[in-house]
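All remarks here apply to the structure that follows.
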Amino acid sequence: MKQAITRLPALCIILMAGSILVFQPGGLFRFVWIKLVVVIIAVLAGLLSPLRARLPWAVQAATAACVVWSAVAMLVSDTPLASMAGRWPRYEGLLTLGVYVAVFAVGAKVLGGASAGRRRQLLSMPLAAVALVLLLIAVLESAGLRPLGGAADVRPGATLGNATDQGLVGFVIAGVLSAGASSERGWQVWLRHAGLFAAAGVAILSGSRAALAGLLIVALFASCMWMRSRSWARPKIAAGAMLAAAGVAGGVLLVPAARDRLLSAGTVDGRWLLWDRSLGLIGADPVFGVGPSGFVDALPAYLNGEWARSVGDSFPADSPHSWPLQLLAAGGVPLLSFVLVLGAVAVFAVVRRMKEAQYGADRRYLAVVLVTVAADGLALLTHFTAIGTTAVVAFLCGGLVGCEGTGVPVLRSRAMAGVIPARLAAIFAGIFRPAVSTAAGAVLVAAGLAIAVPATIAEWPMGAGAKAAAEGDVVLADQAFQQARQLRPWDSDTALLAAQAFAGPATAGDQQAARYAVEWGSLARERTPRSQEAGTALAIGYLYSGDPGAAKNLLDGLVREAPYSTGLYVHRGVAQFGLGRAAEGIADLEHAAALDPGLDTPWRILSNIYQRLGNAEAAQAASQRADALSRR
């Protein structure tokens, strides 16, 4: 039993590294819930380990302030239940955010303190193995293959599901492995070096500009630290740093996809526009924001004509793609302020640990990993958080600030001394409080698993339902979605995703699919009344089940809330024509075409309408316009 307990820190480390690789074949969103389950089990292993390191009290206080304000923002949001549950695909609600905090604390316990050297060395081994596996998958994907499945027209991201996430994990692993370990021998040295180059390759093959910038920062700093540890002269260090930068640049130039993306500004303009619109949303309530996970429903009201022309509404943004804006949207200025304070006290704690470190290898590890985490923060200025990346970084952050400690500080005031002797207080703090904290943490972990495991299982019927709906078997699809709903009844987006799955065949004339879209869309609207996605799916259900009046009334409200959503005008144009209001329908479709001049759908529908009205010349002109746009 004692031997099993002492192996728990190693199990925690291996599970945290392994969470990067796990995914769920056959699931609808394969890279979220299964990772969350593995991370929660890792938290349990770390929680039950006999180690005594912990977060410094100042860090604990700042973390508690962030947690409390996030909870307040959830409760005062328009949809508190949906905010607490989290929204697809990242589900960063109460459970996931709580796991981030728990991983931070467990990282302090497992990787922190003066005796963490061997555990840090252990961390390097599974991370190196993970990097080698990721590199193999990334190479295959860069060659056009899809070993893990997925759409051929989407940038792959190995086992992270997103190319930028793949790149972030790549350079973070490279940073940890470049910190080195003085006690490595034989195969460990070779594995770490192989993992280091593999991790750099993973970042390069991602093609992410943010990841490449992070990799360059890590390469420059780590190489300089390594050369300084060997007492190289400054000119030699400068030459070595230039060689490291040239290595990164050479790797990018050798990969055509990474080179082309680095030199392209394809997503830059859209990102600036997203940030501009996000600031408008934040300005409406700078104190509480819209609550965690509330961004996706709130943003459409703040979009404009430029957004409709440049981005469109095919893929609704669920995050501002920048962590400061994400915090402002989730909890306003107070939440951002608390996180900045947390970052400041954490950096102070790391600097203090570096000064107190007895060995140069410890100081080098702390410095390199601190810069790696900072580079990840810089990269996230243009990206979003997710369980696949954030959990590992939170684990490393906890290890940076973790310090040895046995309990709460003993109060030495006269009043306290008169009631509880200092020795008795120390005994209580050293024995009973850790036991109570561990028991409470185990209960919370069990509660988290009770939610996360069924939610993970639900991904299989969700995937089966979406597949069946696309193949036209709507009865089987409905049964699968019902099963998924039973497994996670708290998730409003189960109904949303079901409604969207049925909306596709409904537009092709399947009235039974349309009726299912109405049923599931109505349920989704009950849970998230401001969801434009749920409203659109429900309107499609109304429209193609033979109730264009209900569709138009719903679309009128949606258009008032999001006046620059092209799709809403397209659907309302069809509804208007179904009600015998041809002129109004044509006006809506022409307005949709004006909002997004590159969209061919309004012109195809206009061609059909003109044909039904007997205007062959206008029908042919609209059809030619649609064909020209589709060939672009």
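Just a few scattered comments:
- Measuring between their Cα centroids, the range 584-632 and the range 1-71 lie 54 Å from each other.
- Once the chain from L254 to A439 is taken as fully extended at 0.36 nm per residue, the excess over their C-alpha distance is 61.3 nm.
- Unit charges on C-beta of K, R, D, E only; dipole of the chain, Debye: 3320
- For Cα extents along the principal axes in Å, the value computed from the atomic coordinates appears in the list [x] 97, 88, 64; [y] 90, 64, 43; [z] 100, 60, 48 under label [y].
- Modelled label reach - A618, point 7 Å along Cα→Cβ, the range 594-608 residues with backbone N closer than 17 Å: 594, 602-608
- 12 Å beta-carbon shell around D165, net charge (K/R +1, D/E -1): +2
- Put in line by how crowded their Cβ is, counting other Cβ atoms within 10 Å and starting with the fewest, M16, M242 read M242, M16.
- Tensor-based shape of the range 87-245 (alpha-carbon gyration tensor, a/c under 1.5 rounded, otherwise prolate or oblate): oblate
- A cut-off under 14 angstrom between Cβ atoms defines the neighbours of L449, and their net charge, with Lys, Arg +1 and Asp, Glu -1, is +2.
- Mean separation of Cα contacts under 8 Å, 6 or more apart, over the residue count of the chain: relative contact order %: 17
- Using a Förster distance of 35 Å, the FRET efficiency for N608-L476 (Cβ separation, nearest 0.05): 0.70
- Label-point separation in nm, H591 to L75, each point 7 Å along Cα→Cβ: 4.1
- What you get for the range 118-214, charging only the Cβ of Lys and Arg (+1) and of Asp and Glu (-1), is a dipole of about 360 debye around the Cα centre.
- Residues M74, M84, sorted so that the one with the fewest Cβ neighbours within 10 Å comes first: M84, M74
- Ranking of Y564, Y542 by count of other Cβ atoms within 10 Å, fewest first: Y564, Y542
- Under 29 Å of direct C-alpha separation, and excluding same-chain neighbours fewer than eight residues apart, K109 reaches these lysines: K2, K35, K355.
- Residues V333 and S231, FRET efficiency given R0 of 45 Å [Cβ-Cβ distance, rounded to 0.05]: 0.45
- Placing a label point 7 Å from the Cα of R352 along the Cα-to-Cβ direction, the residues of the range 46-81 whose backbone N falls under 18 Å of that point are 52-65.
- Estimated inter-spin distance, A151 and L279, nm [label 7 Å along Cα→Cβ]: 3.1
- Near-label residues of the range 584-610 by backbone N, under 12 Å of a point 7 Å along Cα→Cβ of S314: 598-601
- Cα gyration tensor, the range 19-177 - rounded (a/c under 1.5), prolate or oblate: oblate
Rule-based calculations on the coordinates, nothing more; no lab input. Keep in mind it's a predicted model, so treat the numbers as computed, not measured. Every residue, glycine as well, gets a Cβ built from its backbone with ideal geometry; the counts of neighbours run over all protein chains shown.
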